[in-house]
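*Asks:* Structure incoming, see below.
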Amino acid sequence: MLDRISSLFDFRGSIEYLPDLLMAAVVSVELTLAVMAIGLVAGLIIALMRVSHSRTLRVISTLYVEAIRGTPCLLQLFYIYFVLPAFGIRLDPFPAGVVGLAVNYSAYLSEVYRAGIIAVPRGQLEASQALGMSRRLMMRLIILPQAIRVVVPPLGNYFISLFKDTSLVSIVTVKELMFTGQIIAATNFQYFTIFTIIGVIYLSLSYPASLFVQYLERRMKVGYRRKPTRFLRRAAKSAGG
Amino acid sequence: MIRLEKVCKSFGHLQVLKDVDLEVQKGEVVCVIGPSGAGKSTMLRCINHLEAINSGTIFIEGQPVYRYMRGGRLVIDKEKRVEQIRSQVGMVFQSFNLFPHFTALENIMVSPLHVLREPLAELKPRALALMAKVGLSDKVGAYPHELSGGQQQRVAIARALAMRPKAMLFDEVTSALDPELVGDVLRVMRQLAADGMTMIVVTHEMGFAREVADRVIFMADGLIVEEGPPAEIFTRPKNDRTSQFLRSVLQRRQESGEETEPTA
């Protein structure tokens, strides 16, 4: 058995491909960051639409979220890459992958935001209203700052799962980690070695990220003593130094 | 100052307010007492439009507000006007509802700063003075969760006062407090009454009502059953339900041997 494994796992024979794989991992990370950036903003906008007073906005956003959540992400990617060109919208693989994943994740992230908004106690709304705040002010000053604290850990978890889901865009030929690995493995037939290396690369990136999310989670439980702004400032300082 | 005319409010099939008429003069302190479920809190919440009334009219400074009939048509006030009126009527809640992500001082300043757009240079000394007024000068930088219930409630009162309201509504503000903390809150309210603030106070503190109120209103089953000066209501209630209620409250007091009112 061990013999068999060692004969299959030909690290030495595959090491020449390692730079390619690491470059592809960078693409995966870029995808993750791009999609997350779009998804965080779009998700927030959709969530605000879903809790808005306007019926039209509520209906549109609800339909969007339900349609996206009710169909496979792969299908959405196919749609963007293969169907949209028929309507004259032709996207390169990378942008198509970003758009496809962003469409998908914005729907899920909006649900996270919405849960956070709903979790703010009713008394907070009433107190803001009694103080004469407009809905907009209340959202900005009272509701969202409290909701954000609740949603940071789940958003972090989505961030990690997004990193893994970027492998889906290999289907539209984005040269990220999964796609690159498949190409290499198909040429040198070192499936075991290549896919194991890919697994290790994914894990070595997502595990520290998950530890960081756990750290954030603990931090959010501490309460409101230390302001998040101060935390961010310190984080920026340590990153700079 | 505040007038309710035939105000009705239902939750589903349950009618909570039945043709309630009430008039509160400027500077008057009105205490509302009565059994739970009588509609006391709902009445206050209607005055601040936290609940929309089903029929009748609420007047604030002589103007009909929120939603009312005019010339056979239902008028619904624009959100801007509702906000403006609300900012003139302060409200303090049973559950404090301080903003947990702001310090005590920020809680007081947030609304004047953003709603009234008062410059911070003027606002800050005023907010500090309000903190002093409620006896919490040493808690300016504290977050709500670092304060006791009584302290939180006093910050909540200061927060409402910071909007320079023309009237204040108090919704069972001492009901969620430990008995030993009630006195501090009542002291602040007593001072406020002495300063001439128009107040409507829904309360279970009979001692406070008796001492501070210009007028006591007894509500039951969505109706104002009886009203009058405290001396009259507490000593010679005309209505059977009133005397029954007062007897049961008094009895409960004596049984528990509890006197939450500071005797000073």
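*Asks:* Give the accessible surface of region A:26-156 per residue, rounded to a whole number of Å², with probe radius 1.4 Å and ligands, DNA and RNA excluded.
*Replies:* That works out to 46 Å² per residue.
*Asks:* For the protein assembly as shown, which whole percent of the accessible surface, found with a 1.4 angstrom probe, sits on carbon and sulfur atoms?
*Replies:* C and S atoms contribute 59 percent here.
*Asks:* Under unit Cβ charges (Lys, Arg +1; Asp, Glu -1), what dipole magnitude, rounded to 20 debye, does the protein assembly as shown have relative to its Cα centre?
*Replies:* 940 debye
*Asks:* Suppose R0 equals 25 Å. What FRET efficiency, 1/(1 + (r/R0)^6) with r the Cβ-Cβ distance, do A:Val200 and A:Leu74 give to the nearest 0.05?
*Replies:* Approximately 0.50, to the nearest 0.05.
*Asks:* Sticking with this structure for a sec: Taking amide hydrogens as modeled 1.01 Å from N in the peptide plane, which residues meet the under 5 Å criterion relative to B:Ile224, leaving out close sequence neighbours?
*Replies:* B:Asp21
*Asks:* Could I ask something else about it? Once A and B are treated as a pair rather than alone, how much accessible area drops out, both sides summed, in Å² to 100, probe 1.4 Å?
*Replies:* 2200 Å²
*Asks:* Placing unit charges on C-beta atoms (Lys and Arg positive, Asp and Glu negative, everything else neutral), compute the dipole magnitude of region B:23-103 about its Cα centre in debye, rounded to 20.
*Replies:* Its charge dipole is roughly 240 debye.
*Asks:* Rounded to the nearest 5, what % of the DSSP beta bridges within the protein assembly as shown are antiparallel ones?
*Replies:* Close to 60 percent.
*Asks:* Average projected area of the Cα convex hull of region B:32-142, in nm²?
*Replies:* One quarter of the hull surface, i.e. the mean projection, equals 9.5 nm².
*Asks:* Simple spin-label model, 7 Å along Cα-to-Cβ: B:Gln191 to A:Phe192 in nm?
*Replies:* 8.1 nm
*Asks:* Any idea of the accessible area per residue across region B:86-164, 1.4 Å probe, to the nearest Å²?
*Replies:* Ligands and nucleic acids excluded, the figure is 35 Å² per residue.
*Asks:* When chain B is modelled as a GNM with alpha-carbon springs shorter than 10 Å, which of B:Gly39, B:Gly196, B:Gly12 fluctuates the most?
*Replies:* Comparing B:Gly39, B:Gly196, B:Gly12 in a Gaussian network model of chain B, the most mobile one is B:Gly12.
*Asks:* Separate question: In the neighborhood of B:Glu5, defined by Cβ-to-Cβ distances under 14 Å, what is the net charge if each Lys or Arg adds +1 and each Asp or Glu adds -1?
*Replies:* Counting the neighbours of B:Glu5, the net charge comes to +3.
*Asks:* Output the residues of region B:87-120 meeting this criterion: accessible area (heavy atoms, 1.4 Å probe) in the chain alone minus accessible area with all protein chains in place is 30 Å² or greater.
*Replies:* The answer is B:Phe93, B:Asn97, B:Phe99, B:Pro100, B:His101, B:Ser111, B:His114, B:Val115 - residues whose exposure falls by at least 30 Å² when every protein chain is included.
*Asks:* Hey, if you put +1 on the Cβ of every Lys and Arg and -1 on every Asp and Glu Cβ in the protein assembly as shown, which of A:Val120, B:Tyr143, A:Ser52 ends up farthest toward the positive end of that dipole?
*Replies:* Result: A:Ser52.
*Asks:* Identify all lysines with a Cα-Cα distance to B:Lys238 below 28 Å; exclude those on the same chain that are fewer than 8 residues away in sequence.
*Replies:* B:Lys6, B:Lys9, B:Lys18, B:Lys26, B:Lys40
*Asks:* Among B:Val173, B:Val82, B:Gly34, whose Cα lies farthest out toward the positive end of the dipole of chain B, if unit charges sit on the beta carbon of Lys, Arg (+1) and Asp, Glu (-1)?
*Replies:* B:Val82
*Asks:* Okay, next question. For chain A, with a Gaussian network of springs between Cα atoms less than 10 Å apart, report the residue from A:Ser167, A:Ser110, A:Ser28 with the top mean-square fluctuation.
*Replies:* A:Ser167
*Asks:* Tally Lys and Arg at +1 and Asp and Glu at -1 over the other residues with C-beta under 14 Å from the C-beta of B:Gln151: what net charge comes out?
*Replies:* Its environment carries a net charge of 0.
The values are calculated or read from the model by the stated rules, or taken from the named source; none is laboratory data. Quantities reported herein were computed from a predicted structural model and do not represent experimental measurements. We place every Cβ from the backbone using ideal geometry, glycine too, and count neighbours over all the protein chains shown. Surface areas here come from the heavy atoms of the whole protein model, side chains and all, with no ligands, DNA or RNA. Shrake-Rupley method; radii C 1.70, N 1.55, O 1.52, S 1.80 Å.
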